[in-house]
Structure formats: C-alpha cells, structure tokens
Amino acid sequence: MLNKSQFKNNLVTWFEENQRQMPWRETTNPYYIWLSEVMLQQTQVKTVIDYYHKFISRFPTIYELSKAHEDEVLKYWEGLGYYSRARNFHTAIKDVYESYNGEVPDDPQLFGKLKGVGPYTQAAVMSIAFNKPLATVDGNVFRVWSRLNNDDRDIKLQSTRKAFENELAPYVQEKAGTFNQAMMELGALICTPKNALCLFCPVQAHCEAFEQGTVEQLPVKTTQVKKKHIKQNVYIIKNTDGAYLIEKRTQRLLNNMWEFPMFEATGDESVNAQLSTNIQFQHKPVYSLKHQFTHITWDINVYLAKTQVNPQEVTLSENMVWMKLEDRENYNFPVSMSKIYKFLITNS
Ligand code: SF4
C-alpha cells in the first residue's frame with residue numbers, strides 16, 4: 001500500500017513543522033528522555049511537564065537520583081499515580097550508576113534488562129536518545145498503523161504488537177527517534193480515537209482506512225479486561241491533640257505510601273475490631289470516592305470516629321503515627337488519600 005519513502009517524508013516533515021514543544025524534546029540527555037517516557041506512561045503531557053521540571057531540578061543527574069532515599073523520590077512523584085513506575089525507575093538508575101558508570105547504556109539489550117524497562121520504553125529511549133533502529137508501538141501507533149493499513153487484527157494480542165514492530169522496522173533504519181515521535185504525535189493530534197482529523201492529515205494519501213471509510217471502526221480491540229471492584233472502608237480517627245491516625249502501607253499496592261486506616265469492607269461495617277474495640281464510628285459514610293487502578297477500582301467509603309482518642313492511652317503499631325493536618329507535606333499520600341485529606345481540611 002505505502003510508498004515507504006514518500007509516506008515517511010510526508011509524516012516527518014509534518015512533525016518537524018507541527019510538533020508540540022515539550023521540555024524533553026529540547027534535550028539529548030538520555031536520563032531526562034527516559035524519565036519523561038516513564039512519567040508519560042498512563043499520564044497526560046500537560047500533567048507531566050510540571051512534575052518533570054521539579055524532578056530534574058531536585059535530581060539533575062543519575063548520581064543524585066541514585067543516592068536519594070525512596071521516600072523522597074516518591075514525594076516528587078506524589079499525585080502522578082502508578083508509583084511502581086517511580087520505584088522501578090529509581091532501582092534502574094541505581095543499577096546504571098553502579099554497573100554502567102552512571103551512563104545510560106546505549107545497547108538496547110542491556111538497557112532492556114533494567115528494572116521496569118518494557119519493549120515500549122526500550123524502543124522509545126533507545127531511538128530518541130541514541131537513534132537505535134527500534135519502532136515504538138504504543139496506543140497511538142497501534143491506532144495509526146491499523147488505520148493506515150486498514151488492518152483489523154486485535155491490538156490486545158501480543159502477536160499483533162510483534163507484527164507491527166516488524167512492519168515498522170524498515171521505517172526506523174534512519175532517523176528512528178524522529179519517525180517514532182512523529183507517529184505518536186500524529187496519533188495524539190490528528191489520528192485521534194474519535195473524530196479523527198483526516199482532512200488535515202499529512203498522510204491521508206497513504207491511508208487505506210480513509211479510502212475504505214473504516215476509520216471509526218479501527219483499531220480493533222476485542223479482549224477488554226473487566227475491572228474488579230473492591231469496597232474499602234477508611235476510618236478517620238482524631239486524637240485529643242487534634243492529630244489524625246495514619247498508617248504506612250507495606251508489602252502491597254501503593255507500598256510505602258501513607259493512608260488513613262483502610263480495610264476491605266466485610267459487609268458488617270459495625271465491626272471494626274481490627275482497629276479497636278473501644279472506638280465507635282458513625283454508621284453513615286461522610287464521604288465516598290472511587291479510585292481507579294489498571295485492573296481494579298476501589299469504591300471507598302470514609303467513616304468518622306464518634307469519639308476522640310487520648311494518645312497516651314493507646315500504643316500504636318510501628319507503621320502508625322498521629323499526623324497534624326499542617327504536617328501533611330511530610331507524608332507521601334496516594335491520590336485517593338489526598339482527596340480525603342482535602343475533604344478533612346475543608347470540613348474541619
Ligand atoms: Fe488517521 Fe485519517 Fe490520517 Fe488515516 S487519514 S492516518 S485515519 S487521520
């Protein structure tokens with residue numbers, strides 16, 4: 001279908017004239033490019049920019065990040081979500097510092113073995129920072145490539161990803177980083193999931209879906225994973241000094257983040273024996289919210305303790321502390337807990 005060189009030429013020329021300005025497009029530093037790719041997973045560009053600037057101003061080099069404590073790294077990630085990204089990136093950077101003299105390896109095989117580096121990140125960083133001939137296949141590229149070829153293979157299948165990588169390989173033998181970014185930019189700005197701007201598309205002349213009128217039906221994504229819903233109860237317990245009980249999560253999702261005590265709902269919410277037999281809670285939740293993960297949704301109900309607790313009379317477990325509202329900045333909260341905190345300060 002495609003006249004390869006004409007297609008690539010049209011696409012790359014359009015990209016060079018129309019690309020959005022982003023701070024990580026103005027650097028050749030592989031550490032910064034890698035950081036941006038990690039932050040951009042599951043997160044929008046406009047959200048990432050501020051976090052990116054703050055992160056590199058605190059950790060300007062691999063050395064500085066490798067020496068940082070994980071709690072501080074998570075603090076700079078707070079609000080971006082998907083915290084395992086930050087932990088894996090931190091581990092990988094420490095590995096780079098120790099095993100590769102503080103230089104991001106430019107060998108795709110070695111880079112691909114670092115913690116948290118999957119096929120997409122490997123291709124993106126290697127092609128953009130070092131011009132290695134690897135094709136990035138993300139959601140945007142799946143959509144654009146399916147449409148250009150009027151291809152109805154299921155993009156959820158691993159075999160489709162492999163096939164797309166092979167089909168795109170001839171296009172990344174030169175200017176790999178530019179071509180990859182151009183494909184993703186086209187998907188973000190023109191070949192959008194709904195109401196694609198085909199009339200303004202620089203590669204419309206090469207597009208089979210446009211010719212066949214099948215643009216809205218592509219890409220095909222059959223095996224949608226149904227999200228599991230988990231009901232969680234959060235308990236707000238205040239002491240007589242005006243501080244709130246919080247607990248550090250360990251060995252589970254959102255590891256090392258802080259939360260108001262939270263338990264999976266049992267169906268018998270009058271029993272909170274896990275917490276204390278002496279504390280009574282209001283029967284009705286004062287606040288409800290949802291929190292989405294990739295495969296799980298938490299449906300959270302927040303309950304207030306009816307009585308205040310004298311901190312001298314209780315012994316806290318080692319992961320618990322009393323937090324004054326004004327000390328909030330000393331603790332890493334996931335987004336759901338930040339919302340509960342905001343609810344508390346606006347209602348206390
Ligand atoms: Fe996408 Fe339309 Fe361009 Fe085809 S013509 S690549 S469907 S925007």
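The values are calculated or read from the model by the stated rules, or taken from the named source; none is laboratory data. Predicted model, so just to flag it, every value in this text is computed and none were measured. Please note: Cβ atoms are built from the backbone with ideal geometry, for glycine as well, and neighbour counts cover all protein chains shown.
Within the range 138-157, the residues that satisfy the criterion of being among the charged types (D, E, K, R) and in contact with an Asp or Glu (Cβ under 9 Å, 6 or more places away or on another chain) are R147, D151.
Residue by residue, here is whether (1) modelled with pLDDT under 90; (2) surrounded by 12 or more Cβ atoms within 10 Å (Cβ to Cβ) holds:
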residue	(1), (2)
P219	no, yes
T222	yes, no
K226	yes, no
K238	no, yes
I246	no, yes
N255	yes, yes
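Regarding the range 128-149, can at least one residue be identified that is among the hydroxyl-bearing types (S, T, Y) and within 16 Å of the ligand (Cβ to nearest atom)?
Step one: filter the range 128-149 for residues among the hydroxyl-bearing types (S, T, Y), giving 136, 146.
Next, from what is left, pick out any that are within 16 Å of the ligand (Cβ to nearest atom): 146.
Yes, that holds for at least one residue.
Where strands (runs of 3 or more DSSP E) fall wholly inside the range 279-344, the ranges with 3 or more residues that are closer than 20 Å to L253 by Cα are 287-292, 296-304.
Note on the range 137-152: among residues that are surrounded by fewer than 19 Cβ atoms within 10 Å (Cβ to Cβ) and over 26 Å from the mean Cα position of the chain (by Cα), the one that is farthest from Q204 (Cα to Cα) is D152.
With respect to being touching a Lys or Arg at 6+ places or on another chain (Cβ under 9 Å), of a type in the set (F, W, Y) and either touching a residue at least 12 places away in the same chain (Cβ under 8 Å) or surrounded by 14 or more Cβ atoms within 10 Å (Cβ to Cβ) (or both), W24 falls outside the description.
You will find that of K290, K339, K284, the residue that is closer than 26 Å to I230 by Cβ, among the charged types (D, E, K, R) and surrounded by 13 or more Cβ atoms within 10 Å (Cβ to Cβ) is K339 and no other.
Quick one: in the range 153-205, of everything that is buried (at least 18 other Cβ atoms within 10 Å of the Cβ) and among the β-branched types (V, I, T), which residue is farthest from the chain's Cα centre (by Cα)? The selected residue is V203.
Of all the criteria given as (1) assigned by TED's automatic domain parsing to the domain that holds E98; (2) among the aliphatic types (A, V, I, L, M); (3) within 16 Å of the ligand (Cβ to nearest atom), the one not satisfied by L110 is (3). Select from the range 48-74 the residues that are buried (at least 18 other Cβ atoms within 10 Å of the Cβ) and either part of a helix (DSSP H, G or I) or charged (D, E, K, R) (or both) and list them in ascending order. Scanning the range 48-74 gives V48, Y51, Y52, F55, I56, I62, L65, S66, V73, L74.
For the range 154-164, state whether one or more residues are in contact (Cβ under 8 Å) with a residue 40 or more places away in the chain, more than 16 Å from the ligand (Cβ to nearest atom) and touching a strand residue (DSSP E or B) at 6+ places or on another chain (Cβ under 7 Å). For the range 154-164, residues in contact (Cβ under 8 Å) with a residue 40 or more places away in the chain, more than 16 Å from the ligand (Cβ to nearest atom) and touching a strand residue (DSSP E or B) at 6+ places or on another chain (Cβ under 7 Å): present. Among the residues of the range 206-224, those that are of a type outside the set (D, E), under 30 Å from the mean Cα position of the chain (by Cα) and more than 8 Å from the ligand (Cβ to nearest atom) comprise Q217, P219, V220, K221, T222, T223, Q224.
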